[in-house]
Amino acid sequence: MSSAPQVPDILSPEFAADPYPAYRAMRESAPVFWHEPTRSYVVSRYEDVEYVFKDRNGEFTTDNYDWQIEPVHGKTILQLSGREHAVRRALVAPAFRGADLQEKFLPVIERNSRELIDAFRHTGSADLVADYATRFPVNVIADMLGLDKTDHPRFHHWYTTVIAFLGNLSGDPEVTAAGDRTRVEFAEYMLPIIRERRDDLGDDLLSTLCAAEIDGVRMSDEDIKAFCSLLLAAGGETTDKAIAGIFANLLTHPEQLAAVRADRSLIPRAFAETLRHTPPVHMIMRQTATDVELGGGAIPAGSTVTCLIGSANRDPERYREPDRFDVFRDDLTTTTAFSAAADHLAFALGRHFCVGALLAKAEVEIGVNQLLDAMPDLRLADGFVPAEQGVFTRGPATLPVRFTPAG
């Protein structure tokens, strides 16, 4: 299999600046190719990425997480398979859907969003990334877990360090060392809290995890610590970039912003289309359990496969005019966009579909609603053009806006 020299390297500055032309070239001329620097096969077409994620034939594993995330999180649910995975997922999933989400955590989401907005609603200007998006989901998760609000700055530091580690495709030793330190620091912080919570259960998510039991199986302290670490990083980074992405997309399409402002039932559509058009996570890896035929080529057993979500979600074989942001498109199903039946790939698919998808949907709907209420004539700062940054995860690094203060 060729190494596709005709497209920009996924570790190059050119690719980082704008990966979408490279994605197009990959889909057209090298839909599956070997990438030597990451020692992986890169897959770019919707049909192939969907095939890997759904894994109906048991050809793919998440063994890549043994080296990709275990060094910084510890062993997480993402690395498990079979009954072990099913039981662990059943232990944690109820907290992220149904009654728990509606009754226990929606007030937490609403309060944290309002507190952040109160800091700038009377000023007439804000940076929606620095002042809101990077803080909101991490604050929500820390509150859900029942952790001390005064420690929120530490959580922000830890989650940004972890995300840098996960996206360290070039193997920067300083990023690796920072990730190692974060694992130690987070364990030293969380394990005593977990032990205390087991002895004094409350109504928070951490207590729920401590008490959860299925068929005699309970989560160990290490299991809970690793899950909390994963939750802070994955739940923080993805929702952060999704909220920033929604506003970047809407602000550059004023007619669609006006439509969403007038009809808030369009917010889920705007979120689903943002997940398709500018997904927070552009790459997810899997590992082959057997020899696999994919995209017209052969991939040996034991290989790492890099699935390019950012490319697959813009495949013209799946979506009409895929490079166009359109809240009203009819080839993206909003009703299933936050479930394992989604037809975009931003949350992955199959048994490892994102367990926090409904939490993210609740955060985005509440956050966008409250922000639109607080900023009646929201517009970009003069002369500012939103730009995405990042390779593994991607989104606007800053989003300065102006508005007439409400009230």
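The heavy atoms of residue 253 present about 50 square angstrom of accessible area, all protein chains included, probe 1.4 Å. From its DSSP helices (H runs of at least four residues, each -39,500 (n - 2.57)), the chain gives a residue-normalised ellipticity at 222 nm of -14000 deg cm²/dmol. Going down the table (75/104; 75/149; 149/225; 104/241), which pairs top 22 Å between alpha carbons? Over 22 Å apart, Cα to Cα: 75/104; 75/149; 104/241. Mean projection of the Cα convex hull over all viewing directions, computed for the range 247-394: 10.1 nm².
Legend: helices of the chain (whole DSSP H runs) are marked when their alpha-carbon atoms reach 30 angstrom or more along the helix axis and their mean Kyte-Doolittle hydropathy is at least -0.5; marked are 221-251. Near the amide H of residue 393, within less than 5 Å, lie the amide hydrogens of 282, all on another chain or at least 5 residues away, with H placed in the peptide plane. Annotation: amide H of residue 294 within the under-5 Å range of 299, sequence separation 5 or more or interchain, hydrogens built in the peptide plane. Peptides 228-238, 125-135 ordered by packing proxy, namely the average of other Cβ atoms within 10 Å per residue, highest first: 228-238, 125-135. Taking all protein chains into account, the per residue accessible area for the range 184-246 stands at 39 Å² (1.4 Å probe).
Taking every alpha-carbon pair under 8 Å whose residues sit at least 6 apart, the chain reaches a relative contact order of 26 percent. Close amide H pairs (under 5 Å, H built 1.01 Å from N) link residue 289 with 60, 61, 302, residues at least 5 positions away or on another chain.
With Rh defined as the Kirkwood radius, the inverse of the mean 1/r over Cα pairs, the Rg/Rh of the range 140-238 is 1.00.
The values are calculated or read from the model by the stated rules, or taken from the named source; none is laboratory data. Quantities reported herein were computed from a predicted structural model and do not represent experimental measurements. All Cβ positions, even for glycine, are placed from backbone atoms using ideal geometry, and neighbour counts span all protein chains on display. The area values use the complete protein model at the heavy-atom level, side chains included, leaving out ligands, DNA and RNA. Shrake-Rupley method; radii C 1.70, N 1.55, O 1.52, S 1.80 Å.
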